[in-house]
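Here is the structure we will look at.
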Amino acid sequence: LLLTDRGEVWSWGAASDGQLGRSYLEPAHRPDGAGTGSSGSGGSVGGGVGGRKQKDRWGVKPGQVSGKLKDRPIVQMACGPLCSYAVDKTGRAFSWGSCAEGMLGLAESQGQRKRVQISKAERPELIESLIVHKIVKVDAGHQHMLALDAGGHVYACGFGGYGRLGLK
């Protein structure tokens, strides 16, 4: 991930678990404004074996992450192996990618009281459980996330084995 001075998030690399926050089939454009063509099955990158072009199936070309981040200047972000996180200037936290072990802090409502964990978010999603807190920093580990609020409180989600979440 790359964070611009305008608060935009750009991504490239592997997209198998949605960690880019954008589809690798949508057009990708360079941060300098020059188009790079279409990424995904129709795009290509130079080089490859014998000088042949290879398909850009992994989001190799930079593309802007938008969705729920659109028009929200991002001030901080973090990356895990299969997930990504961002904090906007108002203190809202967002996550996307693999939700293995609940590391995105997201859930879907089903019925009035039942909560079901989702497996993947291919676009940035607001971490609703943190809405009442002004988040100033997020950090990612292997299958877990930590968030720090303006009052100095730390919130954690994901795999808690080996003391990763700081819980007893």
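At a Förster radius of 41 Å, what calculated FRET efficiency corresponds to the Cβ-Cβ distance of residue 4 and residue 162, to the nearest 0.05?
0.70
Between beta-carbons, use under 15 Å as the cut-off and find the net charge around residue 90, counting Lys and Arg +1, Asp and Glu -1.
Surrounding charge for residue 90 is +3.
With Cβ to Cβ distances under 14 Å as the rule, what net charge do the other residues near residue 153 carry (K, R +1; D, E -1)?
Cβ neighbours under 14 Å give a net charge of +1.
What pairs in 89/168; 70/168; 70/120; 68/137 have C-alpha atoms more than 28 Å from each other?
In this structure, 89/168; 70/168 lie more than 28 Å apart at Cα.
Only the coordinates and a few stated rules stand behind these numbers; no lab work does. The model shown is predicted, which means the values in this text are computed figures rather than measured ones. Glycine also receives a Cβ, built like all others from the backbone with ideal geometry; neighbour counts cover every protein chain displayed.
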